[in-house]
Amino acid sequence: MGLHHRRHGPKQQSLNWSGYIRTGHGFTSASASWTVPTLTSSHDGYSSTWVGIDGATSSDRYLIQTGTEADVSGGRRSYRAWWEVITPTDVAPETLFERLTIHPGDHVSASVSRLASGKWVMRLHDSTTKHSASHTTTFKGPGSTVEWIQEDTDVNGYISTAPDWHAVTFRAVRLNKANPKLQPSEAVDLVDSQGTREAATGAPTTAGDGFTVTWLAPGTRTYAG
């Protein structure tokens, strides 16, 4: 689920992402924890909370990520855990951790990291249910961006109307296993194609290892092309 139409102004804006993006080099792991939001929307909308590496690269050809999903479809709410890897030769849809059941209100932690073998592992642990899941794969991305994101998800080529997730707080944010000391300039707000501000990303915590994304409005279903 790559970044759509990143723009710069007083604050970075995206059609589908809110959260924080760090740009640099040599990134080999990213992690964070959060509470799975309880959706209250009646309209259809799809959202994901995740950590990843390389999703904001200019080429948009690489991304490795894992997180949780909170959706409304046909009035029914659903919550899942998933992983996804995008490369220049393989742009597959997200894959569910089928055996990991997720509930709203669960406390989860997610990580993406390179192993000593050179392979990468995506892990998700639900500390409420005490269950975990992981997937190991090959990934050759440049390691030049890291993302901690609350997303208004792209489904079938369209970015959905954002479901009301109220506020999602990212805690214990880590980059290469250390506090990234997030900077306000790295924050991204979610703004649809009509200029509606769908979500606001707050300032980092004093320690620089956490932040909150607050839902503001559903916005308009937007073509992702």
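The values are calculated or read from the model by the stated rules, or taken from the named source; none is laboratory data. From a predicted model like this one, the values you see are computed outputs, not experimental measurements. In this analysis, Cβ positions are derived from the backbone assuming ideal geometry, glycine residues included, and neighbour counts consider all displayed protein chains. For accessibility, only protein heavy atoms count, side chains too; no ligands or nucleic acids. Shrake-Rupley method; radii C 1.70, N 1.55, O 1.52, S 1.80 Å.
At-a-glance table
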{"read-out": "Residue in the stretch 176-199 that is under 15 Å from the mean Cα position of the chain (by Cα), surrounded by fewer than 18 Cβ atoms within 10 Å (Cβ to Cβ), in a strand (DSSP E or B) and among the small types (Gly, Ala, Ser) present", "value": "no"}
{"read-out": "Evaluation of residue 109 against (1) open to solvent by 40 Å² or more (accessible area, probe 1.4 Å); (2) assigned to a strand (DSSP E or B); (3) out of contact with any Leu (no Cβ under 9 Å at 6 or more places or on another chain) (one fails), failing number", "value": "(3)"}
{"read-out": "Residues being farther than 22 Å from residue 110 by Cα and of a type in the set (S, T, N, Q) - total across the stretch 150-196", "value": "7"}
{"read-out": "Failed condition for residue 136, given (1) in contact with a strand residue (DSSP E or B) (Cβ under 7 Å, 6 or more places away or on another chain); (2) surrounded by fewer than 14 Cβ atoms within 10 Å (Cβ to Cβ); (3) in a loop (DSSP other than H, G, I, E, B)", "value": "(3)"}
{"read-out": "Output for the stretch 200-222, where each listed residue is assigned to a strand (DSSP E or B) and either aliphatic (A, V, I, L, M) or over 14 Å from residue 45 (Cα atoms) (or both)", "value": "200, 201, 211, 212, 213, 214"}
{"read-out": "Test: residue in the stretch 63-71 that is in a strand (DSSP E or B) and among the charged types (D, E, K, R)", "value": "yes"}
{"read-out": "Within the stretch 208-225, tally of residues that are aromatic (Phe, Trp, Tyr) and open to solvent by 40 Å² or more (accessible area, probe 1.4 Å)", "value": "2"}
{"read-out": "Every residue from the stretch 112-132 that is open to solvent by 70 Å² or more (accessible area, probe 1.4 Å), hydroxyl-bearing (Ser, Thr, Tyr) and outside any loop (DSSP other than H, G, I, E, B)", "value": "132"}
{"read-out": "Breaking point among (1) open to solvent by 50 Å² or more (accessible area, probe 1.4 Å); (2) within 15 Å of the chain's Cα centre (by Cα); (3) closer than 20 Å to residue 65 by Cβ, for residue 169", "value": "(1)"}
{"read-out": "When residues of the stretch 145-163 are limited to those that are of a type outside the set (A, V, I, L, M) and in a loop (DSSP other than H, G, I, E, B), the one most open to solvent (accessible area, probe 1.4 Å)", "value": "156"}
{"read-out": "Within the stretch 78-106, tally of residues that are of a type in the set (D, E, K, R) and part of a loop (DSSP other than H, G, I, E, B)", "value": "4"}
{"read-out": "Tabulated pairs, the stretch 102-128, first farther than 19 Å from residue 52 by Cα and of a type in the set (Gly, Ala, Ser), second part of a loop (DSSP other than H, G, I, E, B) and at pLDDT 95 or above, C-beta under 7 angstrom, 6+ apart or interchain", "value": "105/36; 105/38"}
{"read-out": "Positions within the stretch 70-101 being out of contact with any strand residue (DSSP E or B) (no Cβ under 7 Å at 6 or more places or on another chain) and loosely packed, with under 14 Cβ neighbours inside 10 Å, in sequence order", "value": "73, 74, 75, 76, 88, 89, 90, 91, 92, 93, 98, 101"}
{"read-out": "Test: residue in the stretch 41-62 that is acidic (Asp, Glu) and within 16 Å of the chain's Cα centre (by Cα)", "value": "yes"}
{"read-out": "Tally of residues being open to solvent by 50 Å² or more (accessible area, probe 1.4 Å) and assigned to a strand (DSSP E or B) across the stretch 8-52", "value": "3"}
